[in-house]
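Participant: Here it is, the structure in full.
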Amino acid sequence: MAEQCSQTDLQPLYLLPNTASFYKWIPTIGFVKGDEQCRYMCQSDRENFIVSRGSYFVDGTRCESESLTSYGTTAACLQGRCQLFGCDAVLHSGKVWDVCGVCGGDGSTCILKSDSYSGGRAKEYTTFLTVPVNATQVHIVNRAPVFTHLAVLVGDQYIVSGKGAMALNVTHPSPLDEDHIQYRLHLTFDLLPEIEEVVVPGPLKQETTVQIYRKYGKEYGEKTNPNIHFQYYVPRNKNVTDSSPRGKWAALTTPCSVTCGLGIEKYEHVCVDEDTNNLLKPHYCKAPPPTTALHRTCQLPSCPPRWSVSEPANCSAVCGPGEAKRNVSCIRQEDGLDVLVDQSFCLNQIKPPDSLPCLVNVCPIGWESEGEVQPSLKSSLLPRSRQAPVYVWSPVVSQCSRTCGNGTLQVWFSCVDHQTRLGVPDFNCDSSSKPDPHTEMCGISPCPSMWRSKQGVCSVTCGGGVAKRVLFCAREANGEQEEVLEDYNCSSFPKPTAVVSCNTHSCPARWKVFRTSACSVSCDLGVAQRNVSCVQFIHGKEIVVPKDSCHAAVKPATTVPCLVQVCTFKWEVKPWSQCSAPCGYGIQSRAVSCMGPSEPEPLSPLFCMHMPKPITIRGCYMGSCRDVASDKTTSIRKANLTEKPLPSPTPVHKDAPQQHIGSIPPRSTEAMTIKQTTTAIPTPKYSACGQLLLEESGTVDLNNAPSRCTVSIGRPIDEVISIRVISSSLDCRKREYVAFFDRLAFVRKCVHAAGSELSTRTNVLLVRQSLVTPGNGVVFTYRSEKNTKRNHHQGCDVQLFSPGGIFENPVTSNSSHTCRVLINAPPSVKIRIQALHIGSVFNTTSSQSTFIMVRDMDVLKTNVFNGQQLFLWHSSGNMAEVEFHGDYLYSKGTFRAEYSFVRF
């Protein structure tokens, strides 16, 4: 797919007349799926728009199915459609791999490997799993990704993380590749990491290494540990552990910390090969390392005597250079203690001096550095009645950087009057003699234990987010190091919060596309205008800022190409009507017309038959409402039809009046009446399979029925049918069922079938029962009543149940809908329609919009007939609809046809 998209890079787009634009084209993976993806849909690199670059991709090009695919199923383009192939490479075979990666297997050729891990070392990647070749269904989950994160290596290349930071969602190399690795990061509501997982369907073609990075060590508590669980399958005949080295823990001792006397030697446990003792990675040692002391004392030969010096005494000078005395003695270590010995034992070593030079202040010229506190004149200077001012460099010391523990202070020098000790400008002192500023250590009292924290990843990179942190009790040890203590050592201090704000600095401004206008054309390639603004995330809200805040060089294009559809004949749909019911279930309808690329008037549906026709009727639900009881009254139903009378199969009661098929039909101007009664539910009707029941109510017993039994119930067009299942002996484990279909909805039942009730939204109902065990079945009652809700049928629609007759085109004065003739036969019967007469009422302006649609409801197939050519049509099932359009709706008698029932 990527190669085919890139082949069109040199094919220009003309967004403006006579202006060619060139783009780099890449696949639309993740943006478009299914059949649309196979229509040669490509995305412009870095421009964020998608157009079709041809008719469709080459057959066999991998695509992304709109539905979830099973393991081993392949989705590929075939004649412009995204089709599913089984693992046997057969279209729609349904064959899938088992967990072992075997096509059609039963999972017996592999074994499951699973384990968990919570270790690792701070500030480095630690390998905890090496997935072997041919492994399948690899699933790795880390449920503690706040202070840890996963990394994945294939060969020597990191494909997930690897640079000390958590990765974003990625699929390597692509979702269309069989051997892909998927990494997903799941976030909490406040955008903090919650779970990260690695999924590899396999079978793996290359050994894959999985590592864990932990930000802090184990000493900071369990919250810094990873929480990893993983599992995968390996072939039984290839045990992954056979070829892997077997490791054991061995103690590695470090040299003694001293070269003489008493010292410390440390040792740590390392993983070595059981056979060769070669050093291995820790994950090859399955058992945890032994918990023993980390160090011990070591005694080497006694150290020879050495010189020891004390701290220097005070400087001998008041200002300027002087001398500081110190004690120098000879000592020797005995039993870990320094003992004073005669200096003759240290004569073989150079004795340190017993005094050191020192500098207190810089003395002015002509002043002595030693003597009384008050300086005196040199002999070469004559005394004066008034002494001239003398300026010296005096040290200035800052406060200690810390109130406890090891801190630092800054020392620098400023010019002062030596007599008054008041500061004066630096130019009064000799700049060549000014000492350099320096830093000194300070603070000797140890710091108390207190709450400290280690912060995890922030939820955002800018604009203000939140971060979790692990809290622990610690005290300072050896300068910058800290010693972790038990929490009770900090109980006297309030414990800080575990969640803190982070990255509160403002986000940089960026361009954002707010909305895109409609395409300039209704079909083929056009242009669309986009509203692009400069936005910035400030105080948790995204606001529009001046355009100068964003870089103009990266501003998205405000004019982009668009392709609504290829210019051709297409179905045009009108909006859905209001639901027919104010509450409960109802019906919605809409008009559907075939439109050409330039003609404003509807055309014959023949021009649009290359595309499926959109549905014109659908169910709707307006919320539950109480059942409102209504009185049943005897009513007269009128139907001005040129057909045979409505037949009535054998009634339930012996005394009930009958109307037999084949009786003399009434004239077309006569009104047909059907007497309705409110008698009790009749006795069950047996051998109902294959029958069309036309009574107002009845009981149907489908016990002992054939394995496949279908019953049809028909009523006048302004009625609906209610069903109640009295009993059921269906065996759901053997997939026995009973199904109900009313032209608009299909309901299938087995579990809890007994006692269930349903109501149709139309005047016909098809009941189908499927059995495996003879003698099983259901018993149900039905009754009909007036449709008090909004009827989805039009007032000009005609319903036919009789086995044959003549019908004409119904007419209406309402131009917003069509008229239909609905024909329903018994389940085991097909319908034959022979056109007898088509009048010459067509004019040149409406000939394309005057046509007849005959719909086979069993297979949802539609045939369109226009012109004056007589036709013959056969159904594949027992339900047909004849729909009239154009001039047929206004000229009565322009169409006449004969219909009849034909048994299989």
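The values are calculated or read from the model by the stated rules, or taken from the named source; none is laboratory data. Values in this document were obtained by computation on a predicted structure and should not be read as measured data. As a convention, Cβ positions derive from the backbone with ideal geometry for all residues, glycine included, and neighbour counts pool all protein chains shown. When the accessible area is computed, the model is the full protein with side chains, heavy atoms only, and any ligands, DNA or RNA have been set aside. Shrake-Rupley method; radii C 1.70, N 1.55, O 1.52, S 1.80 Å.
Participant: Compute the accessible area per residue over the stretch 308-357, keeping the other protein chains in place, probe 1.4 Å, unit Å².
Facilitator: 68
Participant: I need the fraction of alpha carbon pairs in the stretch 65-131 separated by more than 18 Å, rounded to a whole percent.
Facilitator: Tail of P(r) above 18 Å: 57 percent of Cα pairs.
Participant: Once you order the gyration tensor axes a ≥ b ≥ c over the Cα atoms, which shape class does the stretch 172-227 get: rounded for a/c under 1.5, otherwise prolate or oblate by comparing a/b with b/c? The partial results should precede the final answer.
Facilitator: On the way: a/c = 3.94, a/b = 1.72, b/c = 2.29.
Here the stretch 172-227 falls in the oblate category.
Participant: Whenever you get a sec, compute what percent of the accessible area on the stretch 804-904 sits on carbon and sulfur atoms (1.4 Å probe).
Facilitator: Carbon with sulfur: 49 percent of the solvent-accessible area.
Participant: Starting from the exponent 0.38 and prefactor 2.2 Å, build the expected Rg for the stretch 695-770 from its residue count and divide its actual Cα Rg by it.
Facilitator: Its radius of gyration relative to the 2.2 N^0.38 Å reference: 1.08.
Participant: Let's test the formula: R0 of 60 Å, r as the Cβ-Cβ distance of SER114 and THR558. What FRET efficiency results, to the nearest 0.05?
Facilitator: Computed FRET efficiency for SER114 and THR558: 0.65.
Participant: What are the ³J(HN,Hα) values, in whole Hz, obtained from phi via the Karplus relation 6.51 cos²θ - 1.76 cosθ + 1.60 with θ = phi - 60°, for each residue of the stretch 21-37 in sequence order, with x given for Gly and Pro?
Facilitator: Per-residue couplings from phi come out as 10, 10, 9, 9, 9, 10, x, 9, 4, x, 10, 10, 9, x, 4, 5, 5 Hz.
Participant: Let me ask something else about it. Roughly speaking, what is the centre-to-centre gap between the stretch 722-798 and the stretch 415-456 when only Cα atoms are used, to the nearest Å?
Facilitator: With the stretch 722-798 and the stretch 415-456 each reduced to a Cα centre, they are spaced 95 Å.
Participant: From the phi angles alone, apply the Karplus equation (6.51, -1.76, 1.60; θ = phi - 60°) to the stretch 704-709 and give each ³J(HN,Hα) in whole Hz, x where the residue is Gly or Pro.
Facilitator: Computed from phi, the couplings for the stretch 704-709 are 6, 7, x, 4, 10, 10 Hz.
Participant: Here's another thing I want to ask about it. Of all accessible surface on the stretch 395-495 at a 1.4 Å probe, what whole percent is carbon and sulfur?
Facilitator: Percent of accessible area from carbon and sulfur atoms in the stretch 395-495: 52.
Participant: Can I ask one more? When a/c is below 1.5 the answer is rounded, else prolate if a/b is larger than b/c, else oblate, so apply that to the stretch 185-270 with a ≥ b ≥ c taken from the square roots of the Cα gyration tensor eigenvalues.
Facilitator: oblate
Participant: In addition: Using per-residue counts of other Cβ atoms within 10 Å, averaged over each peptide, order 204-212, 760-768, 151-159 from highest down.
Facilitator: Descending packing order for the listed peptides: 760-768, 204-212, 151-159.
Participant: Here's a follow-up. Check CYS260: other-chain or 5+ apart residues with amide H under 5 Å from its amide H, H built from backbone geometry?
Facilitator: Hits under the 5 Å cutoff: none.
Participant: For the stretch 60-204, go through all pairs of different Cα atoms, get the mean of 1/r, take its inverse, and jot down that Kirkwood value in Å.
Facilitator: The Cα-based Kirkwood calculation yields 17.2 Å.
Participant: Using only the C-alpha atoms of the stretch 260-356, find the volume of their convex hull and express it per residue in Å³.
Facilitator: Each residue corresponds to 229 Å³ of Cα convex hull volume.
Participant: Also, quick follow-up: So how far apart, in nm, are the two label points at GLU482 and LEU187 if each is 7 Å from Cα heading toward Cβ?
Facilitator: According to this spin-label approximation, the distance is 2.8 nm.
Participant: Hey, another quick one. Amide H of CYS447: which non-local residues (sequence gap of 5 or more, or other chain) have their own amide H closer than 5 Å, using H built in the peptide plane?
Facilitator: Correct list: GLY405, GLU476.
Participant: Let me ask something additional. Give me the net charge of VAL592's neighbourhood, meaning all other residues with Cβ under 10 Å from the Cβ of VAL592; Lys, Arg count +1, Asp, Glu -1.
Facilitator: After counting each charged neighbour, the total is +2.
Participant: Okay, moving on. Using the basic label-point model (7 angstrom from Cα toward the beta carbon), what is the PHE746 to GLN231 distance in nanometres?
Facilitator: Going from the PHE746 label point to the GLN231 one covers 3.6 nm.
Participant: For the stretch 745-904, with every protein chain kept in place, what is the accessible area per residue (1.4 Å probe, Å²)?
Facilitator: Dividing the accessible area of the stretch 745-904 by its residue count gives 43 Å².
Participant: Could the peptides 126-137, 416-427 be put in order, highest first, of the mean number of other beta-carbon atoms found within 10 Å of their residues?
Facilitator: Highest to lowest by the protection proxy: 126-137, 416-427.
Participant: Separate question: Ranking request for peptides 492-502, 64-74: highest mean number of other beta-carbon atoms within 10 Å first, then the rest in descending order.
Facilitator: On the way: 492-502: 12.1, 64-74: 14.6.
The densest-packed peptide leads the list: 64-74, 492-502.
Participant: Considering only protein heavy atoms and a 1.4 Å probe, what is the carbon-and-sulfur percentage of the accessible area of the stretch 112-157?
Facilitator: Carbon and sulfur: 42 percent of the exposed surface of the stretch 112-157.
Participant: To check my understanding: the extent here is largest minus smallest coordinate of the Cα atoms along each principal axis. What are those three numbers for the stretch 796-887, in Å, largest first?
Facilitator: Projected onto the principal axes, the Cα atoms of the stretch 796-887 cover 43, 26, 24 Å.
Participant: Then there is this: Can you give the % of DSSP beta bridges in the stretch 775-879 that are antiparallel, to the nearest 5?
Facilitator: Antiparallel: roughly 75 percent of the beta bridges in the stretch 775-879.
Participant: Per residue of the stretch 91-99, what does 6.51 cos²θ - 1.76 cosθ + 1.60 with θ = phi - 60° give for ³J(HN,Hα)? Whole Hz please, x for Gly and Pro, Karplus curve as stated.
Facilitator: 4, 6, 6, x, 6, 10, 7, 7, 5
Participant: What are the residues whose amide H is under 5 Å from the amide H of ILE587, where those residues sit 5 or more places off or on another chain and H is modelled from the backbone?
Facilitator: SER580, ALA581, CYS620
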